[in-house]
Amino acid sequence: MITAHAGDFVWRAGGAIALAASRGEQVTIACLTYGERGESARAWREGKSLDEIKAIRRDEAERAAATLGAEVRFFDAGDYPLRETPELVDQLVGVYRETQPDVVLTHPPHDPYNADHPAACRMALEARILAQAIGYPAEGDPLGAPPVFYFEPHQPEVCDFTPEVLLDITDVFATKRAAMECLSAQQHLWEYYTDLGKRRGVQLKRNAGPNLGFPTTTYGEAYMRPYPQVTERLA
């Protein structure tokens, strides 16, 4: 399950989504907002109305999610600002209980450039905790404790983000790129995230050993873990 602000699920976790979908796994995206105010500058300059911009951004996100092979659910919870509310958290609890995710991806908790991103993170984490409580009044079985991964923010250097986990997305990068190109409202980010994928791919090759057969051009995505990794043994 991915809880994200607007189309950030494409830029930050599109490779992970496409990989999971390619294995036949179900991926559910909780898209809290359309990004209609803070990430749609061109549409505003063109004189489009709020409703028109929401419709444009929803269509983009739907096409991107379909390209990646994921289901997307829209909450239309507001953008710039995205406000944390008990009602919105409760809706997320319902999605957790329904989908019973094995893994949760969301924004990291610190971003001085976009307050909506930490808000999405806090609600995703709170809902995950509440969904585990057998006494919480929501339909469905209580959730287990799926591991959480923070996907990489746009400016990691100022967001306390450390690339602790590098995911090889080389085999599905073309799919991620096609999904990125669905987001024409943010065309300026297409090459930025292509270049970032290459840089993370270089780091992946460098840290994964010399004999693993990675292709010359490797693409990667970076993640952090807020909870300790569980392992059965130490080698």
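The values are calculated or read from the model by the stated rules, or taken from the named source; none is laboratory data. None of the values given here were measured: they were computed from a predicted structure. Reconstructed Cβ throughout: ideal geometry from the backbone, glycine too, with neighbour counts over all protein chains shown. Only protein heavy atoms, including side chains, enter the accessible area calculation; ligands, DNA and RNA are left aside. Shrake-Rupley method; radii C 1.70, N 1.55, O 1.52, S 1.80 Å.
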How about LYS198: which lysines have a C-alpha closer than 25 Å to its C-alpha, ignoring those fewer than 8 places off in the same chain? LYS176
Proximal aspartates and glutamates relative to LYS205, as straight alpha-carbon distance under 17 Å, when same-chain residues fewer than 8 apart are discounted: GLU164, ASP168, ASP171, ASP195, GLU221
Could you report segment 52-133's accessible area per residue, 1.4 Å probe, as an integer in Å²? 44
Considering the options ASN207, PRO142, ALA65, tell which one lies farthest towards the positive end of the dipole of the chain, charges being +1 on Lys and Arg and -1 on Asp and Glu at the Cβ, about the Cα centre. ASN207
Charges at C-beta only: +1 for Lys and Arg, -1 for Asp and Glu. How large is the resulting dipole of the chain about its Cα centre, in Debye rounded to 20? 640
Selection from PRO156, THR216, LEU82 lying farthest towards where the dipole of the chain points positive, charges on Cβ: THR216
Dimensions (Å) - segment 18-133, Cα atoms, principal axes, largest first: 46, 32, 24
Computed over segment 91-208, the distribution of all Cα-Cα distances in 5 Å bins, rounded to whole %, is 2, 10, 16, 16, 18, 17, 12, 6, 3, 0
Note on the chain: the mean projected area of its alpha-carbon convex hull, in nm², is 13.7
Quick one: order TRP190, TRP44, TRP11 from most to least accessible surface, probe 1.4 Å. TRP44, TRP190, TRP11
Gain in length, ASP90 to SER184, computed as 0.36 nm per residue apart minus the alpha-carbon separation, to one decimal in nm? 30.6 nm
Carbon + sulfur, % of accessible area of segment 1-158 - ligands and nucleic acids excluded, 1.4 Å: 51
Determine, for each peptide in 33-43, 65-75, the mean count of other beta carbons within 10 angstrom over its residues, then list the peptides with the highest first. 33-43, 65-75
Per-residue accessible area, 1.4 Å probe, largest first, puts LYS176, LYS54, LYS48 in the order LYS48, LYS54, LYS176
Mind grabbing the accessible area of HIS107 for me, 1.4 Å probe, Å², rounded to tens? 0
Using the Cα centre of segment 103-169 as the reference point, and only Cβ charges (+1 on K/R, -1 on D/E), how large is the resulting charge dipole? Debye, rounded to the nearest 20. 200
Keeping all protein chains in position, work out how much accessible area CYS31 exposes to a 1.4 Å probe, and write it in Å² to the nearest 10. 0
Excluding residues fewer than 8 positions from LYS48 in its own chain, the aspartates and glutamates with Cα under 17 Å of it are GLU36, GLU39, ASP59, GLU60, ASP79
